[in-house]
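Chemist: What follows is a single structure, and I will ask about it in a moment.
No lab work stands behind these numbers, since they all come straight from the coordinates. Here the structure is a predicted model, which is why all the values come from computation and not from measurement. All Cβ positions, even for glycine, are placed from backbone atoms using ideal geometry, and neighbour counts span all protein chains on display.
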Amino acid sequence: MGTEAYLIVASLLFLIGASGFLLRRNLLVMFMSIELMLNGAALLFVTFARHWNRMDGQIFVFFIIALAAAEAAVGLSILIAIFRLKHRVNADELSELKG
Amino acid sequence: MMFFALSKQAGQIAVTNADVQEKFPGLVQEITSNLGAFLPELILAVGVMWVIMADLFTRRERSRRMGFHAFAFVAVALVSVICHGFSGDQELFRGMIVDDGFGAFFKVLLLVGTLICIPMVMMTRSFDGRRMGEFYGLLLGSVLGMFLMVTAKNMIMFFLGIEFASYTSYLLTGYLKGDRRGAEGALKYVIYGSVASGAMAYGLSLLYGLTGSLDMADVAQGLIVSRTTDVTVLIAGLLCFAGFGYKIAAFPMHFWSPDVYEGAPIPFTAFLSVISKAAGFAVLLRFAEGMVGTGNWELTLSNGDVVGVDWPLVVGVISALTMTVGNFAALFQRNLKRLLAYSSIAHAGYLLMGIAALAPGAENAIPGWQAILFYLVAYLFMNLGAFLVVSIIAEKTGRETLDAYRGLGSRSALLSVALGIFLISLIGLPPTGGFTGKVQLIKAVVDDGQIWLALVAVVNTVVSVYYYARIIRLMFLEESDDTSKVPLSAPVSAFVVLMIVPVLWLGVFFGSTVDFIRDLTLTLG
Amino acid sequence: MLLTLVTFIPLIAALVVLCIPKEQKDIIKWTSMGAAVVTFIISCQLIMGYRSGGTDSVAEKFDGQIQSVIDDNVADTALKASFQKGVQAIEADNVDDAVGADRGPVHYAEVAGIDLKSLDAAQSKAWHETWELSMAKGAAASEHIRFVEFGHWIDGFNIRYFMGGDGLSLPLIWLTALLSVLCLAYSWNITKATKAYFALFLILETGLMGVFLALDFFLFYVFWEIVLLPMYFLIGFWGGPRRIYASIKFFIYTLVGSVLMLICMLALYFHNGFDTFNILTLMEAAPGFSQTMQMWMFFGLFIAFAIKVPIFPFHTWLPDAHVQAPTAASVILAGVLLKMGGYGIFRFNLGLCPDAMTGAIQLPMWLGGNFIMFMAILGVINIVYGALCAMAQKDFKSMVAYSSISHMGYVLLGLAAMTDAGVQGAVLQMFNHGLSSAMMFLIVGVIYERAHHRNLNKFGGIGAQMPYYTGLATIGFFASLGLPGLNGFISEALVFMGAWNSHTASPAVGVFGLPTWIVFLALPGIVLTAAYILWAVQRVFMGPLKSETYKTFKDLSFREVFVLAPLGLLCIVFGVWPQLILGFMNDTLNTLVSSVIAVAGN
């Protein structure tokens, strides 16, 4: 398996995540799509680290994983706050601020 | 993959265990010797922990006093940055971050801005009766993240810095639990922010793949080698720009900002609109300056073919769209916070002109980045000043809509004149810092030969007059049924006056600031 | 020093006024008045002193300044000698207006054998300033500029505090100072926010003085913008019922022009590596500008100034602003603000685009074929269209406002003629219009204060009721009409003479001559002007009293006489003795014309 195969998988992951973010309206699913995008990037880093035979790409992946966890924590806590106020988790119903 | 013309080059061999053992003592010594230049960050880190811990030992009703503690830490950090000076020119921690005048300048900018925001937080009554230790902890944490952004040289570092600054910002936006608008703003912020960081991570990984390095200087250098993959470079650059553009609220990554600005507590809106934006510009500038330094910035001729990406044009188009979108949307706003949000999108557009004009032209001309730095200084004072008045009015009247400003001229001369001066500066009329700053930006693009962009900017200036002047008109030319005076305490008045002085000073005696900025060092490795 | 005083005394007074408690209305008024009077006295001194000073004194001042720049920054004697050699080379070139010559600092450094790369920062700055001043000296001497003041402002961008007055600006300075005194006197009974009113008026005066005196483009631009805000507030706060609409319209129109000017200013700064905002330096180098450059500069600057003049089709802000503005603001607006535009066209378009002014630059036919025809046609449109509109007005004040548009058309026509008579007539027309239109607006103000309306058709028979008023008003109206013996006649006659003469005189020196049919097209303007003014006089002053309330009208108060009488007197004085004012302008204007002709000759 050459580098290209990994690149294709990573690109697919990223694109699936991006299209999921754009098409789905459930906030939880949107967060999951963002995770997919990050995973695509992480896979790409690993691939390139292997390709260039360097360590720093792999280190970056650890940070991406940690940051994704932190992001989920922050995002979900805010989501819960919203759910308590509105009992909805649909992006289209967030319409108090507009103009 | 057709986009990737990858070639196996001799990469660095992975570090072995033996290496570590052999080099470890030297490494420790190197790290400790670098800590001196890292002192401001350490002070802030201690400050984050201190305000959270000290708050635990404070009664809830006295929790607002944590503001003084946070203020003290920021002030000490400011002193330590200034004492360290602006002439540093070295890499710290094995090239993770750098210590240079450019970074120090931005640190001062961030800290001064924070020093202005903290009293605004303390004046806000909607925070009364809440635990404020966490708020200030998150605020200082956000500044710490931005410190890492503005000094980062390695892409890991600045990715971490951006994320650090962002996560704290999400939480601060929604700090008022139970406030529906705040919670909604925070959620929109976190969703758009996460997707932007996802895109940026992907863009960074592409850059890493193209060049085999995470060091910004090496990336810029490496892009020369792989010139033939222009489309990939463009895609990678644009994906990275999604991350920066989201921080500075540039088109098309600006959607979050009006909602977040309107939902967030006013002092934090002020913080986001100026300080967060300044940090975003610092990263963008450092990144772009690396490309300029290696000749990757503009189209070049190689073996008879035009190669590379015309970044000045790309950024110029983004800049033009950003200012136009911001200004035209601002025309129809009734909520002053939201209006200022759109105006700050427009100002991001003006600032991007400086990036579009980065390649220095004539000998004595000021390169774009110096114009940006100057404009950021002016913007700091004028925009924070405007938010200060908005915040005072919101405290006194409980309203953020434009109606609250009707007849303000006769109700509070100081506030209305101050807001008038800040707005005139935001329009860009003399004798204010906004004028001299905008002249420098326009000068930079004219010098670079992008007259069309200068024309777009001046047309936008004229459009912006309409909505800024509408506020001036409401304050001075229209009369209100409510003629009661707005009472101001002496410290608050002094605070307002203190914000006017630099705006006017930069409009008349801007020479010394320009010279100061010109002498800053910029370390790219 | 005098120019700094004349510019900044009003500003200082404004700051003082702001510090006075607002209940002390008398102190506020007298402080403002005092400052305006002192400014006026200094402006008289400037006018008196202008002709007595010889050309040499200015040249000496420049030499001294150049010498001190060199001495302060260059220690090495050999380098000093090279600098001096450069100065001599520049001065030698100043004498002949070489077309297409490279007159940049780099070129002269080569001529003088200065290696720019070997200079340190201070020395290269010094060389740049030496070059700038030596170039400016040429223009200053030929334009007869006096009272120059050198100062550094922002060294990083070579922005200077550089002021000077010549035959073009000093009469306008005097006019500004005079009208400010009269307007403050007329505004004595303003009760709404007195303090702010007087402070804004004084800031306005500073801005106007600065615009006419600044010889650094950046400085000029700053003053130009400073004028904008006080006027916006004066119209917007103290104006009539539609004041808010009128004030924002005024603001936005003027700003469109000034941002265009900003772009032109920066383009000039970067042109050929000049890096200077010094207007005189740029003027001296102007014959070397390429024709494309001059064409775009001309368009940009012309639109910027045309909006202020205002020239058709940029005139629509003017009737709104005038009708809504309080009387004193109308007076300043018509008397001085419009002249900023005219002054700008003379100073910048004429000085910086000589090829455009000789008609050498080709334009599409629908724009007239060249810039001379372009301006002449716009001038004629202004004259005739303005007069027709004025005739159609029912509102007294908007009639006067449209008459301003018509009168400013003569300025453009006279300039397009590019003959001595035409250009002198044009500048004189600006000055005269400053007096007569100011007077007309005051006349309207006086009657409006009594009748509380301005409908021309509802007046009648005022003449018998208010004889002194009618007497003074007639002088103002007839001066505006161009009756021989009053000032308007002289300038209009000169403009027509110049324009008529242009078709034979101009081609002889290589300048495009106006065809005579243009003059014929403009002639109906005179008839129309006579028609609308006489008709207005008839409707207001003659006939029976149209309303019983008019019987209660008192004749002019002492204050009103104090304001109107000097203007009426000046209209007569300059009508019978125009040389009094023409004498100041002649030298400067003739040089301006001859420098353009010199370019055509080459």
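Chemist: Rounded to the nearest 20 debye, what is the charge dipole size of the protein assembly as shown about its Cα centre when +1 sits on each Lys and Arg Cβ and -1 on each Asp and Glu Cβ?
Modeler: With only Lys, Arg, Asp and Glu charged at Cβ, the dipole is about 4860 debye.
Chemist: If you wrap a convex hull around the alpha carbons of region C:428-587, what volume per residue comes out, as a whole number of Å³?
Modeler: For region C:428-587, the hull spanned by Cα atoms encloses 115 Å³ per residue.
Chemist: Please report C:M542, B:M155, B:M123 as a ranked list, fewest other C-beta atoms within 10 angstrom at the top and most at the bottom. If you can, show how the numbers build up before the last one.
Modeler: Details: C:M542 14, B:M155 25, B:M123 20.
If I rank by nearby Cβ atoms, fewest first, I get C:M542, B:M123, B:M155.
Chemist: Once every Cα of region A:3-89 carries one equal point scatterer and solvent is ignored, give the base-10 log of I(q)/I(0) from the Debye formula at q = 0.19, 0.20, 0.24 Å⁻¹, two decimals.
Modeler: -0.86, -0.91, -1.10
Chemist: Considering every pair of different Cα atoms, what Kirkwood radius, in Å, is found for region C:542-602? Could you put the intermediate results ahead of the total?
Modeler: Values: mean 1/r = 0.0615 Å⁻¹.
When all Cα pairs of region C:542-602 are included, the Kirkwood radius is 16.3 Å.
Chemist: Given charges of +1 on the Cβ of Lys and Arg and -1 on the Cβ of Asp and Glu, with all other atoms neutral, how large is the dipole of region C:167-285 about its Cα centre, in debye to the nearest 20?
Modeler: Rounded to the nearest 20 debye, it is 720 debye.
Chemist: With the cut-off at 31 Å, tell me which of the pairs B:K443/C:K137; B:K443/C:K85; B:K107/B:K337; B:K396/C:K249; B:K438/C:K85 have Cα atoms farther apart than that.
Modeler: With Cα atoms farther than 31 Å apart: B:K443/C:K85; B:K396/C:K249; B:K438/C:K85.
Chemist: While we're looking at this one, here's another question. May I ask you to evaluate 6.51 cos²θ - 1.76 cosθ + 1.60, the Karplus curve with θ = phi - 60°, for each residue of region C:344-349 and list the ³J(HN,Hα) values in order in whole Hz, giving x for glycine and proline?
Modeler: x, 4, 5, 6, 9, 4
Chemist: Applying 1/(1 + (r/R0)^6) with R0 = 35 Å to the Cβ-Cβ distance of A:A70 and B:L234, what FRET efficiency is obtained, to the nearest 0.05? Provide the component values of the computation, followed by the final result.
Modeler: Values: r = 31 Å, r/R0 = 0.88.
Using R0 = 35 Å, I get an efficiency of 0.70.
Chemist: Could you please state, rounded to a whole Å, how far the C-alpha centre of region B:192-256 is from the C-alpha centre of region B:30-78?
Modeler: If we compute the Cα centre of each part, the gap is 34 Å.
Chemist: Could I get the Rg over Rh figure for region B:160-311? Both from C-alpha atoms, Rh via Kirkwood, rounded to two places.
Modeler: Rounded to two decimals, Rg over Rh is 1.07.
Chemist: Suppose we keep just the alpha-carbon trace of region B:317-525; what are its Rg and Dmax in angstrom?
Modeler: When restricted to the Cα atoms of region B:317-525, Rg and Dmax are 17.8, 63 Å.
Chemist: While we're on this one: Once region C:520-575 is represented by equal point scatterers at the alpha-carbon sites, with solvent omitted, what log10 I(q)/I(0) does the Debye formula produce at q = 0.24, 0.31 Å⁻¹?
Modeler: Cα-only, vacuum Debye calculation for region C:520-575: -1.02, -1.04.
Chemist: Ok, one more. Suppose every K and R has +1 on its Cβ and every D and E has -1 on its Cβ; what is the size of the dipole of region C:55-143 about the Cα centre, in Debye to the nearest 20?
Modeler: It works out to roughly 200 debye.
Chemist: Now, a different point. Quick check: convex hull over the Cα atoms of region B:169-230, volume per residue in Å³, rounded to an integer? Could you put the intermediate results ahead of the total?
Modeler: Details: hull volume 5.3 nm³, N = 62.
So the per-residue Cα hull volume is 85 Å³.
Chemist: Above 16 angstrom, tally the Cα pairs of region C:461-519 and express them as a % of all pairs, no decimals.
Modeler: Everything past 16 Å amounts to 59 percent.
Chemist: Whole number please: convex hull volume per residue of the Cα set in chain C, in Å³?
Modeler: Working: hull volume 80.6 nm³, N = 602.
It is 134 Å³ per residue.
Chemist: Quote the relative contact order of chain A in percent (integer), defining contacts as alpha-carbon pairs under 8 Å separated by 6+ residues.
Modeler: Worked out over chain A, it gives 27 percent.
Chemist: While we're looking at this one, here's another question. Give the residue from B:V496, B:T322, B:L455 lying farthest towards the positive end of the charge dipole for region B:317-525; charges sit on Cβ (+1 for Lys and Arg, -1 for Asp and Glu) and the dipole is referred to the Cα centre.
Modeler: After comparing all options, I get B:V496.
Chemist: Convert 4 °C to kelvin, take the viscosity as 1.567 mPa s, use the Kirkwood radius over C-alpha pairs of the protein assembly as shown as Rh, and evaluate the Stokes-Einstein diffusion coefficient in µm²/s, rounded to a whole number.
Modeler: So the translational diffusion coefficient is about 39 µm²/s.
Chemist: C:D26 versus B:A494, label points 7 Å from Cα toward the beta carbon: distance in nm?
Modeler: Each label point is offset 7 Å from its Cα along the Cβ direction, giving 3.8 nm.
Chemist: Here is a further query. For chain C, calculate the relative contact order in percent as a whole number, restricting contacts to Cα pairs under 8 Å that are 6 or more residues apart.
Modeler: Value for chain C: 15 percent.
Chemist: Also, I was wondering about something else. When only Cα pairs under 8 Å and 6 or more residues apart are kept, what is the percent relative contact order across region B:317-525?
Modeler: 28
Chemist: Tell me the Kirkwood hydrodynamic radius of region C:86-154 in angstroms, computed as one over the mean inverse distance between distinct C-alpha pairs.
Modeler: By the Kirkwood definition, the hydrodynamic radius is 13.1 Å.
Chemist: Determine one quarter of the surface area of the Cα convex hull of region B:405-525, which equals its mean projected area, and express it in nm² to one decimal.
Modeler: 10.3
Chemist: Moving on. Over the Cα atoms of chain B, what Rg and Dmax result, in angstrom?
Modeler: Cα only, chain B: 23.1, 81 Å (Rg, Dmax).
Chemist: Could you tell me what % of all Cα pairs in region C:288-342 have separations over 19 Å?
Modeler: That tail contains 38 percent of the Cα-Cα pairs.
Chemist: Compute the whole-percent fraction of alpha carbon pairs in region C:303-435 spaced more than 22 Å apart.
Modeler: The share of Cα pairs beyond 22 Å in region C:303-435 comes to 32 percent.
Chemist: At 7 Å along Cα-to-Cβ for each site, give me the label-to-label distance between C:K85 and B:V314 in nm.
Modeler: Calculated label separation equals 5.1 nm.
Chemist: Still on this structure: Ignore the peptide's own chain and count Cβ atoms of other chains within 10 Å of each Cβ in B:167-178; give me the average, rounded.
Modeler: Values: counts 6, 1, 1, 5, 3, 0, 1, 5, 0, 0, 3, 3.
Mean shielding count: 2.
Chemist: Which whole-Hz ³J(HN,Hα) couplings does region C:472-479 yield from phi under the Karplus relation 6.51 cos²θ - 1.76 cosθ + 1.60, θ = phi - 60°, glycine and proline marked x?
Modeler: So the J values, rounded to whole Hz, are 5, 4, 4, 4, x, 5, 6, 5.
Chemist: Between B:D128 and A:L12, what is the label-to-label distance in nm when each label sits 7 Å out along the Cα-to-Cβ direction?
Modeler: Once both label points are built, they end up 6.0 nm from each other.
Chemist: Taking the square root of 5 times each eigenvalue of the Cα gyration tensor, what semi-axes in Å does the equivalent ellipsoid of region C:183-303 have, largest first?
Modeler: Taking √(5λ) for each eigenvalue gives 36, 16, 9 Å, largest first.
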